[in-house]
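Student: Mind having a look at this structure? Questions to follow.
The values are calculated or read from the model by the stated rules, or taken from the named source; none is laboratory data. Owing to the predicted nature of the structure, the values given are computational and were not obtained by experimental measurement. Positions of Cβ are generated from backbone atoms using ideal geometry, with glycine treated the same way; all protein chains shown enter the neighbour counts.
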Amino acid sequence: MTERIYLDWNASAPMRGQVIDAVALAMASHGNPSSVHGDGRRARAAVEDAREAVAALVGANPANVIFTSGGTEANNQALAGHPNHTVLASGIEHVSILEVAANTPRIACLPNGEIDLDQFSDLLGRGTGGRLVAVMLANNETGVIQPVTEIAALARDAGALFHCDTVQAAGRMAVDIGLIGADSISLSAHKIGGPKGVGALIFNGTAPQPLLRGGGQERSRRAGTENVAGIVGFGVAARLAANWRDEMNSVEVLRDELEQRLAAAAPEVVIYGRDARRLANTSLVGLPDIDAGTQLMALDLAGISVSAGSACSSGKVASSHVLAAMGVGSAAANNAIRVSLGPETLAEDVNRFVASWARLRDGARAPAAA
């Protein structure tokens, strides 16, 4: 049986071997980190060691790291934790931002996937009262990297707070909360080879109000017994993710080769965000006249895992709100699939994907030609 090829790293990176070992050891320990006895102190020490590792990955103070159940909870707390602020979010944000900030002004996006700084500046100038800007560092569908330092400066000059979703960027590019100029950032362990179900909200200044109340955990910023095993795995993954630069150099070579070969096989192919600065591992590919669902099924039958944009829609193949924000029509948006690579991706994997995709494209064209 042919081994499957995993090209959906933006949905979830495979858990690293060192992480699995660390999580297994932590699961065998039974201390509650809030307990004062020896078992509890050992659990607390493990949590705090992980906190330091996560903080170091993004240049933060460990005391400002709040462990959460994932990026979604972190984003929710970052916004809802400032209840007297109007949220200004871009149209390309993750749904965990957009649904909290429903019915609020949207920051426009240019056709290449970057934020429209002129429109954003104008939007800031028209607002009054407390405001919180939410713009991600790198988009999970297109990989387009946003000019966050400029966004942070504009927000600061207008007296607004700035939250930056760095979930997709961490482990794939440099992330530093101070250099970004953000008041808070969000992370998710499983995007960097850690366990699913654990993330972090990291603040720089005043902590957002807690969403979960009822205990003094996380310095009373997030109630509930800590997920010790998940947090330990997060810490190990964060330390390994510090080597992102060496890993991403080879990944970018493969991604660029993949896009060149797709364009050679099908000149009509569209690579969204190609003219902007992007994450080295991400390619959002549009194939006219062949819908994403058909492409996903054909590739899955060929043993290749990719996705149709974000993997946060309960397994549904839904039209991309990111492409809509970029001005892409619904018909074209429905034909886009996301290919995301990782450090374990091989040249042979790219070869198999391109060959399978080209056969799909040629097969779909054959009836029309006949």
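Student: When the range 227-253 is examined, which residues are found to be closer than 25 Å to VAL23 by Cβ and surrounded by fewer than 22 Cβ atoms within 10 Å (Cβ to Cβ)?
Tutor: Matches in the range 227-253: ASN227, ALA229, ARG239, LEU240, ALA242, ASN243, TRP244, ASP246, GLU247, MET248.
Student: Okay, next question. Which members of the range 71-99 meet the condition of being touching a Leu at 6+ places or on another chain (Cβ under 8 Å), more than 16 Å from ALA138 (Cβ to Cβ) and not hydrophobic (A, V, I, L, M, F, W, C)?
Tutor: GLU73, ASN76, GLN77, GLY81, HIS82, HIS85, THR86
Student: Another one. Which one is farthest from ARG261 (Cα to Cα), of the residues in the range 333-345 that are hydrophobic (A, V, I, L, M, F, W, C) and free of Cβ contacts under 8 Å to residues at least 60 places away in the same chain? Step through it out loud before you land on a result.
Tutor: Our first condition is that a residue be hydrophobic (A, V, I, L, M, F, W, C); within the range 333-345, this holds for 333, 336-337, 339, 341.
Keeping just the survivors that are free of Cβ contacts under 8 Å to residues at least 60 places away in the same chain gives 333, 337.
Values: ALA333: 21, ILE337: 16 Å.
So, considering only residues that are hydrophobic (A, V, I, L, M, F, W, C) and free of Cβ contacts under 8 Å to residues at least 60 places away in the same chain, the one farthest from ARG261 (Cα to Cα) is ALA333.
Student: Condition (residue is out of contact with any helix residue (DSSP H, G or I) (no Cβ under 7 Å at 6 or more places or on another chain) and closer than 17 Å to ALA207 by Cβ) applied to the range 104-118: is it met by at least one residue? Reasoning before the result, please.
Tutor: Kept after step one, since they are out of contact with any helix residue (DSSP H, G or I) (no Cβ under 7 Å at 6 or more places or on another chain), are these residues of the range 104-118: 104, 106, 110-114, 116, 118.
Next cut, closer than 17 Å to ALA207 by Cβ only: none.
No, the range 104-118 contains no residue that is out of contact with any helix residue (DSSP H, G or I) (no Cβ under 7 Å at 6 or more places or on another chain) and closer than 17 Å to ALA207 by Cβ.
Student: Can I ask one more? Looking for whichever is under 18 Å from ALA78 (Cβ atoms) and not hydroxyl-bearing (Ser, Thr, Tyr) here; the options are LEU110, LEU124, LEU117, LEU132. Which one fits?
Tutor: Numbers: LEU110 fails: under 18 Å from ALA78 (Cβ atoms); LEU124 fails: under 18 Å from ALA78 (Cβ atoms); LEU117 fails: under 18 Å from ALA78 (Cβ atoms).
Exactly one of LEU110, LEU124, LEU117, LEU132 is under 18 Å from ALA78 (Cβ atoms) and not hydroxyl-bearing (Ser, Thr, Tyr), namely LEU132.
Student: Say we look at the range 91-139 and pick out the residues that are in a loop (DSSP other than H, G, I, E, B) and among the charged types (D, E, K, R); which of these is surrounded by the fewest Cβ atoms within 10 Å (Cβ to Cβ)? Break it down into steps so the answer makes sense when it comes.
Tutor: Step one: list which residues in the range 91-139 are in a loop (DSSP other than H, G, I, E, B), which gives 91-94, 99-105, 108, 110-114, 116, 127-130, 135-137, 139.
Next cut, among the charged types (D, E, K, R) only: 93, 99, 114, 116.
Working: GLU93: 26, GLU99: 13, GLU114: 21, ASP116: 15.
Going through the qualifying residues, I end up with GLU99.
Student: Hey, another quick one. Return the only residue of ARG278, ARG352 being modelled with pLDDT of 95 or more, charged (D, E, K, R) and touching a Gly at 6+ places or on another chain (Cβ under 6 Å).
Tutor: Details: ARG352 fails: touching a Gly at 6+ places or on another chain (Cβ under 6 Å).
ARG278 is the lone residue from the list that is modelled with pLDDT of 95 or more, charged (D, E, K, R) and touching a Gly at 6+ places or on another chain (Cβ under 6 Å).
Student: With a cut-off of at least 3 residues that are within 20 Å of the chain's Cα centre (by Cα), name the helices (runs of 4 or more DSSP H) lying wholly within the range 237-356.
Tutor: Numbers: elements: 244-265, 292-301, 321-325, 330-333.
Of the helices (runs of 4 or more DSSP H) lying wholly inside the range 237-356, those with at least 3 residues that are within 20 Å of the chain's Cα centre (by Cα) span 244-265, 321-325.
Student: Taking the options ASP176, ASP256, ASP275, name whichever one is surrounded by fewer than 16 Cβ atoms within 10 Å (Cβ to Cβ), acidic (Asp, Glu), touching a residue at least 12 places away in the same chain (Cβ under 8 Å) and not assigned by TED's automatic domain parsing to the domain that holds GLN77. Lay out the reasoning, then the answer.
Tutor: Details: ASP176 fails: not assigned by TED's automatic domain parsing to the domain that holds GLN77; ASP256 fails: touching a residue at least 12 places away in the same chain (Cβ under 8 Å).
None of the other options fit; the residue is ASP275.
Student: May I ask you to verify whether ALA170 is surrounded by fewer than 24 Cβ atoms within 10 Å (Cβ to Cβ) and under 18 Å from the mean Cα position of the chain (by Cα)? Steps first, answer last, please.
Tutor: On the way: surrounded by fewer than 24 Cβ atoms within 10 Å (Cβ to Cβ): no; under 18 Å from the mean Cα position of the chain (by Cα): yes.
Criteria not met by ALA170.
Student: Please verify whether the range 33-52 includes one or more residues that are under 27 Å from ALA229 (Cα atoms), in contact with a strand residue (DSSP E or B) (Cβ under 6 Å, 6 or more places away or on another chain) and in the same structural domain as ILE231 (by TED's automatic domain parsing).
Tutor: If we filter the range 33-52 for residues that are under 27 Å from ALA229 (Cα atoms), which is where we start, we get 33-52.
Filter once more, so that each one left must be in contact with a strand residue (DSSP E or B) (Cβ under 6 Å, 6 or more places away or on another chain): 51.
If we keep only those that are in the same structural domain as ILE231 (by TED's automatic domain parsing) as well, we get 51.
Yes, because at least one residue in the range 33-52 is under 27 Å from ALA229 (Cα atoms), in contact with a strand residue (DSSP E or B) (Cβ under 6 Å, 6 or more places away or on another chain) and in the same structural domain as ILE231 (by TED's automatic domain parsing).
Student: May I pose another question? Please verify whether ALA174 is at pLDDT 95 or above, in contact with a helix residue (DSSP H, G or I) (Cβ under 6 Å, 6 or more places away or on another chain) and within 29 Å of ARG239 (Cβ to Cβ), treating the condition exactly as stated. Outline the logic, then answer.
Tutor: Details: at pLDDT 95 or above: yes; in contact with a helix residue (DSSP H, G or I) (Cβ under 6 Å, 6 or more places away or on another chain): no; within 29 Å of ARG239 (Cβ to Cβ): yes.
Judged against the criteria, ALA174 is not a match.
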